[in-house]
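Reading through the structure tokens given below for one structure.
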Amino acid sequence: MNLYIETALYRQITAHLCAAYPKEAAGLLLGNAADGSWHATRMLPLTNKFAHAEQYHRYLITAEDMLEGEDHAATFGLDVVGVFHSHPDSAPQPSDYDCQHALPWYLYLIVSIAAGEPAGARAWQLREDRSDFNEAVLAIGPAVPARPNSSTFE
């Protein structure tokens, strides 16, 4: 499984996450998926809905947020392919809390934000049995020309 994110989109994602530091922030990855590859081409930044005092280590995306994301993605002929969120001053790997609240059909981009700056990113997908995550190959790079009905890597 692979996740490809264009450099300009990754900069938008990290700008949203850095602006929330030292709290966690999150949003949705919009794009296409086929044959085990996800290509994120847009993002929808979201407001962290978790209790204010816990936002330093938790984020909440509501059902309403997901519906908004589906509607927003459909406007561009895309799907919600994943979720991105920050881990302030922590490694970009899933926590136990992440494992308990993730869904197996999305990819999860976790970005470490250290002292307000991006400090690494990794992508993950929850196993079908919800026991743990498998790491995805994360590729951040230049825009890839769109091809009809294809989101595979170049």
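Nothing in this text is a laboratory measurement; each read-out follows from the coordinates by a stated rule. Treat the numbers as computed from the prediction; the structure is a model and nothing was measured. Don't worry about glycine lacking a Cβ; one is built from the backbone with ideal geometry, like all the others, and counts go over all protein chains shown.
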> Would it be correct to say that TYR59 is surrounded by 17 or more Cβ atoms within 10 Å (Cβ to Cβ) and touching a residue at least 40 places away in the same chain (Cβ under 8 Å)?
Replying inline: no
>> Checking the conditions here, which among THR7, THR62 is among the β-branched types (Val, Ile, Thr) and under 21 Å from ARG130 (Cβ atoms)?
In response: THR62
> What is the residue count in the stretch 88-107 for residues that are part of a helix (DSSP H, G or I) and under 13 Å from the mean Cα position of the chain (by Cα)?
Replying inline: 1
> Taking the stretch 74-99 as the region of interest, how many residues are more than 22 Å from CYS18 (Cα to Cα) and either among the polar types (S, T, N, Q) or free of Cβ contacts under 8 Å to residues at least 40 places away in the same chain (or both)?
Replying inline: 5
>> So, in the stretch 48-65, how many residues would count as being under 20 Å from GLN93 (Cα atoms) and among the hydroxyl-bearing types (Ser, Thr, Tyr)?
In response: 2
> So which residues in the stretch 1-22 are touching a residue at least 60 places away in the same chain (Cβ under 8 Å) and polar (S, T, N, Q), if there are any at all?
Replying inline: ASN2, THR7, THR14
> Of all residues in the stretch 23-70, which are of a type outside the set (D, E, K, R) and touching a Pro at 6+ places or on another chain (Cβ under 7 Å)?
Replying inline: GLY27, TYR56
